[in-house]
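J.: Pasting in a structure now, in structure tokens, and then I'll have a few things to ask.
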Amino acid sequence: MGSIDAALKPRLRLRTRSEYAGWVFSILVGIGILTSVLTNPNFKWGVVAQYFTHESILRGLMLTIFLTVASMALGTLLGLGLAIMRSSKVKPVSIAANIYITLFRGTPVLVQLIFWFNISALYPDLFIGIPFTDIGTAIDMNALMAPITAALVGLTLNEAAYMAEIIRGGFSSVGKGQIEAADSLGMSAGTRMRKVIIPQAMPSIIPATGNQVIGMFKGTSLVSVLGVAELLQSAQLIYARTYETIPLLLVASLWYLVMTLLLSYPQSKLEQKYSRATSRLPRKAKKVVALTEPEEGNLR
Amino acid sequence: MSNDGTILARKIRKSFGPKTVLKDIDLEIASGEICCIIGPSGSGKSTVLRCINGLETVDTGVLKVNGEDFGYYETDTAYHALPPKKLAEQRTRVGMVFQSFNLFPNMTAHENIMSGPVLVKGQDKKQAAKRAHELLASVGLAGFGDYYPAQLSGGQQQRVAIARSLAMDPEIMLFDEPTSALDPEKVGEVLAVMKELAKKGMTMVVVTHEMGFAREVADSLIFMDDGYVVERGDAREILTNPKEPRTRAFLEQVL
């Protein structure tokens, strides 16, 4: 049949009726939602555009970014400490870390934030000094726990619990043989951690941490309940005045979306980079040198 | 210093939970001796090796490595565990080569070999690099310094692992089935490196299934079964004319 050699004929994929139905359904729903969004005057896209780069919105965005960066950084450090404690051979130490993680992961962040904001009800004064003596000074907890401090403390302590689990997961992905090899060379526990365990745990820690950053960015919106003027609270403050609730929520949402997309890019790059970590290509430039003269190894 | 490179064990016992894996093991290995340990899997031969460099601790018994009580110090009533720093120091004098190589995948071959001298002994990097270069050449891998372990064959990785242990200048080298994870055609290159090492007078304890290597290189041979040393003596003597029926039965299976 036909003039083409049968061996050269293309092989076509089967297209089922449900595939066509899927196309039609998705396009119809898409058009429907888009028309509604664009034609419904209550969205007030003009107002959205007007406030999108409003000064207080941008200031709120900056505060949101600051809270994300600061509580992620502090939370990761604290989480690293907790992860090390959690994998400790000394039982009480690992149990203490375990209790911390359970408490902070088992209660809502929102509740934790409100709790820290109201901590002065529990401890009116914070005493800094030598325990069980009178040496030191007392600080008024109410003055210390300003909304932004409470926000930072709450987000950090909560994040630490999650980061601890991520880091510990990374640690346990490093094979027992690696630890034995380090031990048999006589490495100290600290060197073993820094040079052998952490570098190898990174491939599983980094992508998960990226997810946490994105989650944290959106999670900061919770601190609006403490009256911290971050992105969401800034929008709320405006619509409390102008009653343009939806357009201002859209402004905030669009910023969250933009920032999340911006963060997703380096996140996927990092994931790619670390998934290749164990099969890296030889450093070509260096190799040429290596074959001709004694190279100077650089131990990272 | 006459005790350097010696291993002495008397009545070593070791249990994992209810299972006793070493039952009154006696060992006496002289400096420069090549000792092969053979036996069926689960006989405790790897555990003996792991005790000698402290990857496992013995429950009771005397264990002296390089003439010193290993990992413990003796008082009138008990053996007390040494602080980690002391133990690490003792370990640097005993090299260990693993069945699964256990090179650090985040470091190049060169960095792997330098890791001990630089990170543990705090040696000057330039000096360590020069030594690493020589060691790589001595295991037949000159020019492979910048390769990561994942880019090397099993045989090459194992030779890098041997070089990494040698970089610490140990008096004793322990080999835990060093060729068991290798393709048959790569076994020879690792055994060749080990034979070279044997010629240089290094004390070596080798857990192996390579009877040819044992026959050719080993001075002494230990046959273990079910946590006991069943037979020990001259390697060629035991391999050709085993005294114990259990040894004979094992050798008939593997030869």
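J.: Within region B:41-65, how many residues turn out to be within 14 Å of another protein chain (Cβ to nearest Cβ) and either at positive phi or more than 12 Å from the chain's Cα centre (by Cα) (or both)?
T.: 4
J.: I've got another one for you. Restricting attention to region B:172-190, does a residue exist that is of a type outside the set (Phe, Trp, Tyr) and more than 22 Å from B:Phe101 (Cβ to Cβ)?
T.: Within region B:172-190, none of the residues are of a type outside the set (Phe, Trp, Tyr) and more than 22 Å from B:Phe101 (Cβ to Cβ).
J.: Can you tell which of A:Val213, A:Val196, A:Val225 is within 14 Å of another protein chain (Cβ to nearest Cβ) and either farther than 30 Å from A:Val258 by Cα or in contact with a helix residue (DSSP H, G or I) (Cβ under 9 Å, 6 or more places away or on another chain) (or both)?
T.: Of A:Val213, A:Val196, A:Val225, the one residue that is within 14 Å of another protein chain (Cβ to nearest Cβ) and either farther than 30 Å from A:Val258 by Cα or in contact with a helix residue (DSSP H, G or I) (Cβ under 9 Å, 6 or more places away or on another chain) (or both) is A:Val196.
J.: While we're looking at this one, here's another question. Keeping to region B:157-166, report how many residues are touching a strand residue (DSSP E or B) at 6+ places or on another chain (Cβ under 9 Å), within 12 Å of chain A (Cβ to nearest Cβ) and of a type outside the set (S, T, N, Q).
T.: 3
J.: Hey, another quick one. With the structure loaded, tell me whether B:Leu87 is closer than 30 Å to B:Ala30 by Cα and modelled with pLDDT of 95 or more or whether it fails that test.
T.: Spelling it out, it is not the case that B:Leu87 is closer than 30 Å to B:Ala30 by Cα and modelled with pLDDT of 95 or more.
J.: Check B:Gly145, B:Gly95, B:Gly154 and return the single one that is over 26 Å from B:Thr6 (Cα atoms), crowded, with 22+ Cβ neighbours inside 10 Å and either of a type in the set (Gly, Ala, Ser) or more than 13 Å from chain A (Cβ to nearest Cβ) (or both).
T.: Answer to the check: B:Gly145.
J.: Here are some residues: A:Ile205, A:Ile179, A:Ile166. Which one is free of Cβ contacts under 8 Å to residues at least 24 places away in the same chain and not charged (D, E, K, R)?
T.: Going through A:Ile205, A:Ile179, A:Ile166 in turn, just one is free of Cβ contacts under 8 Å to residues at least 24 places away in the same chain and not charged (D, E, K, R): A:Ile179.
J.: Is it fair to say B:Leu136 is closer than 12 Å to B:Arg164 by Cβ, surrounded by 19 or more Cβ atoms within 10 Å (Cβ to Cβ) and more than 8 Å from chain A (Cβ to nearest Cβ)?
T.: Judged against the criteria, B:Leu136 is a match.
J.: Among the helices (runs of 4 or more DSSP H) confined wholly to region A:138-205, which include 3 or more residues that are among the acidic types (Asp, Glu) and surrounded by 22 or more Cβ atoms within 10 Å (Cβ to Cβ)?
T.: Result: empty, no element qualifies.
J.: Which numbered condition in (1) at pLDDT 95 or above; (2) more than 8 Å from chain A (Cβ to nearest Cβ); (3) farther than 23 Å from B:Val207 by Cβ is the only one that B:Met114 fails?
T.: (2)
J.: What about B:Lys199, is it modelled with pLDDT under 95 and surrounded by fewer than 14 Cβ atoms within 10 Å (Cβ to Cβ)?
T.: yes
J.: Continuing with the same structure: Does region A:171-191 contain at least one residue that is over 21 Å from the mean Cα position of the chain (by Cα), small (Gly, Ala, Ser) and on the phi > 0 side of the Ramachandran plot?
T.: yes
J.: Hey, does region A:240-256 have a residue that's out of contact with any helix residue (DSSP H, G or I) (no Cβ under 8 Å at 6 or more places or on another chain), at the interface with chain B (Cβ under 9 Å from one of its Cβ atoms) and charged (D, E, K, R)?
T.: Scanning region A:240-256, I find no residue that is out of contact with any helix residue (DSSP H, G or I) (no Cβ under 8 Å at 6 or more places or on another chain), at the interface with chain B (Cβ under 9 Å from one of its Cβ atoms) and charged (D, E, K, R), so the answer is no.
J.: Of a type in the set (Asp, Glu) and within 8 Å of another protein chain (Cβ to nearest Cβ): does that describe B:Glu68?
T.: So B:Glu68 does not fit the description; no.
J.: In region B:117-133, which residue that is within 23 Å of the chain's Cα centre (by Cα) and basic (Lys, Arg) is farthest from the other protein chains (Cβ to nearest Cβ)?
T.: Among residues in region B:117-133 that are within 23 Å of the chain's Cα centre (by Cα) and basic (Lys, Arg), the one farthest from the other protein chains (Cβ to nearest Cβ) is B:Arg131.
Condition check ((1) aliphatic (A, V, I, L, M); (2) surrounded by 10 or more Cβ atoms within 10 Å (Cβ to Cβ)) across all residues:
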| site | (1), (2) |
| --- | --- |
| A:Ala6 | yes, no |
| A:Phe25 | no, yes |
| A:Val37 | yes, yes |
| A:Ala49 | yes, yes |
| A:Phe52 | no, yes |
| A:Glu55 | no, no |
| A:Leu80 | yes, yes |
| A:Lys89 | no, no |
| A:Ile95 | yes, yes |
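J.: Among the β-branched types (Val, Ile, Thr) and more than 18 Å from A:Tyr256 (Cα to Cα): does that describe A:Thr53?
T.: Considered against the rule, which asks whether it is among the β-branched types (Val, Ile, Thr) and more than 18 Å from A:Tyr256 (Cα to Cα), A:Thr53 comes out as no.
The values are calculated or read from the model by the stated rules, or taken from the named source; none is laboratory data. Computed from a predicted structure; not experimentally measured. Neighbour counts run over all protein chains shown; Cβ positions are idealised from the backbone, glycine included.
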